[in-house]
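Some notes on the structure that comes next.
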Amino acid sequence: MLIKTPLTKERIQNHFHYSSWKYLLLAIFGIFGWSLIFTVTAPRIPEDKRIDLYAMTYTATQESMDAFLQPIWEEVTPEMESVSSVVLVQGDEYSSYMQLTAYLAASDGDIYFLTEQFFKAFAAQGAFLPLEQLVEDGAINVGDLDLTKGYVTMVSEYDENDQPIKSEMHLYGIPMDSFYGFMDGMQFDNRGMYAVILFNNQNDENVIPFFDALLEAGRGEKEEWIQE
């Protein structure tokens, strides 16, 4: 015997009341699936044709950083197909560390602006390009800036008891405290931050001159509103 259940307004309301989570889950999977398809099928710009800046910040936006990078791109590396930024919003220590570990392990990004804590942690693991020879050769111009805080000891060899037996000290980062131009032009609070180049950036030829020009653009006079 066929039993027909009439479709009423009350039945429809009850259905959505008790099954709304199913539609929400379906929407989430739909968005995730579309994002995955886009990521897989989107054209990938070669590493030697792009420069990416990853910055830990509470104050700057991707729009403000990209606008700051645009004239440097056009003047210094016009042959690049893409120069863009990624905002790394600082969360708790563990999540920020895991996020950075994932990016660095995947060789994502070329230039990073990092807090002292994460700069020292990853520099000690050899994640960044040593800069002292580039500074000495003039490829990176830092003027009379005190670079002492940018030196970090990297342990390159351990014994069977995990005790360090070989280490090297290098200039892995440029202290950014006095680069007041970033605060004004990029809305980036760079106090206590360090500028670094990823060791495995796969584009030294373009990243290094861009890094030098980026630091030059970040110079500026200290404004009255900037507090210590």
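State whether the residues of the stretch 64-76 include one that is of a type in the set (A, V, I, L, M), under 20 Å from Gly192 (Cβ atoms) and surrounded by 15 or more Cβ atoms within 10 Å (Cβ to Cβ).
Yes: one or more hits.
For the structure I just gave you, tell me whether Ser167 is among the polar types (S, T, N, Q), open to solvent by less than 80 Å² (accessible area, probe 1.4 Å) and under 15 Å from Phe199 (Cβ atoms).
no
Could you count how many residues in the stretch 89-109 are touching a residue at least 40 places away in the same chain (Cβ under 8 Å) and in a loop (DSSP other than H, G, I, E, B)?
Residues in the stretch 89-109 being touching a residue at least 40 places away in the same chain (Cβ under 8 Å) and in a loop (DSSP other than H, G, I, E, B): 3 in total.
So which pairs qualify, if the first residue must be in the stretch 138-153 and hydroxyl-bearing (Ser, Thr, Tyr), the second must be in a loop (DSSP other than H, G, I, E, B), the Cβ gap must be under 9 Å, and the two must be at least 6 apart or on different chains?
Pairs found: Tyr151/Tyr172; Tyr151/Gly173; Thr153/Ala124.
The values are calculated or read from the model by the stated rules, or taken from the named source; none is laboratory data. Here the structure is a predicted model, which means the values were calculated and not measured. Because the Cβ atoms are built from the backbone with ideal geometry, glycine has one as well, and the counts that use them run over all protein chains shown. We work out accessible area using only protein heavy atoms, side chains counted, and drop any ligands, DNA or RNA first. Shrake-Rupley method; radii C 1.70, N 1.55, O 1.52, S 1.80 Å.
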